[in-house]
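The structure under discussion is supplied below as structure tokens; questions concerning it will follow.
The values are calculated or read from the model by the stated rules, or taken from the named source; none is laboratory data. Keep in mind the model is a prediction, meaning the values are calculated, not measured. With ideal geometry, Cβ positions are generated from the backbone for all residues, glycine too; neighbour counts draw on all protein chains shown.
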Amino acid sequence: MQQPKIFGAPLDRTVKQIRQNYVKAFKEANVDLTTEQWVLLDNLYQNNGISQNELAERNFKNAPTVSRIIDLLCKKGLTERQRFENDRRRYKIFMTEKGKATYEEALPHVLALRQRGWKGLTEEDYDDLIRIVNQIFENYEE
């Protein structure tokens, strides 16, 4: 019987390498963000004012983790929470002007990192990667 292919360790190693490069690039650029904070800001830049729960779902993170990250972003003055009018338990999350400025300051570094990571690969490679990763995800969701 043939052994199943190992893919978790190489995926984990790659994600760790990507995170380390983001941390280093942000530090060198004096951008006060973690990779997790960047991911939420990036999503808010595209969807400003979405609910905290929707932000968690879009980023595949649990609600307490997103709440903690938002707390830190609020303390830095990059985001703010506003309660829904008809539901006092739910919050909409908005980027502040400072948050937008920080996002725009970080963006060129992020784009350079993405370009670096994709060096030597094609659009077809990208499509294949996304298809494969999504299939693995779906296989584990069953």
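Which one is nearest to ASP32 (Cα to Cα) among residues in segment 97-124 that are of a type in the set (Ser, Thr, Tyr) and crowded, with 16+ Cβ neighbours inside 10 Å?
THR102
Kindly indicate the residue of segment 70-85 that is part of a strand (DSSP E or B) and at pLDDT 95 or above and also surrounded by the fewest Cβ atoms within 10 Å (Cβ to Cβ) among those meeting that condition.
The extreme case among them is GLU80.
May I pose another question? PHE60 passes all but one of (1) at pLDDT 90 or above; (2) under 16 Å from the mean Cα position of the chain (by Cα); which number fails?
With respect to (1) at pLDDT 90 or above; (2) under 16 Å from the mean Cα position of the chain (by Cα), PHE60 is out only on (1).
Mind checking which pairs have a first residue in segment 46-66 that is surrounded by 12 or more Cβ atoms within 10 Å (Cβ to Cβ) and a second that is in a loop (DSSP other than H, G, I, E, B) and among the charged types (D, E, K, R), Cβ under 9 Å, 6 or more apart or different chains?
If the second residue must be in a loop (DSSP other than H, G, I, E, B) and among the charged types (D, E, K, R), the pairs left are SER51/ARG90; GLN52/ARG90; ASN53/ARG90; LEU55/LYS61.
Residue-by-condition table, conditions (1) touching a strand residue (DSSP E or B) at 6+ places or on another chain (Cβ under 7 Å); (2) over 14 Å from LEU55 (Cβ atoms); (3) touching a residue at least 60 places away in the same chain (Cβ under 8 Å):
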site: ILE69; (1), (2), (3): no, no, no
site: ALA112; (1), (2), (3): no, yes, yes
site: THR122; (1), (2), (3): no, yes, no
site: ASP125; (1), (2), (3): no, yes, no
site: ASN139; (1), (2), (3): no, yes, no
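Let me ask something additional. I'd like the full set of residues that are in a helix (DSSP H, G or I) and of a type in the set (A, V, I, L, M, F, W, C), limited to segment 86-113.
ALA101, ALA106, LEU107, VAL110, LEU111, ALA112, LEU113
So that you can scan it fast, the table gives a plain yes or no per residue for (1) within 22 Å of ASN134 (Cα to Cα); (2) among the small types (Gly, Ala, Ser); (3) more than 14 Å from the chain's Cα centre (by Cα):
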| site | (1), (2), (3) |
| --- | --- |
| PRO4 | yes, no, yes |
| VAL39 | yes, no, no |
| LEU44 | no, no, no |
| ASN86 | no, no, yes |
| VAL110 | no, no, no |
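Restricting attention to segment 1-36, which residues are free of Cβ contacts under 8 Å to residues at least 40 places away in the same chain, in contact with a Phe, Trp or Tyr (Cβ under 9 Å, 6 or more places away or on another chain) and part of a helix (DSSP H, G or I)?
Matches in segment 1-36: THR35 only.
Which of (1) in a helix (DSSP H, G or I); (2) more than 18 Å from ARG19 (Cβ to Cβ); (3) of a type in the set (D, E, K, R); (4) touching a residue at least 12 places away in the same chain (Cβ under 8 Å) is the odd one out, the single condition ARG116 does not satisfy?
In the conditions (1) in a helix (DSSP H, G or I); (2) more than 18 Å from ARG19 (Cβ to Cβ); (3) of a type in the set (D, E, K, R); (4) touching a residue at least 12 places away in the same chain (Cβ under 8 Å), ARG116 misses (2) alone.
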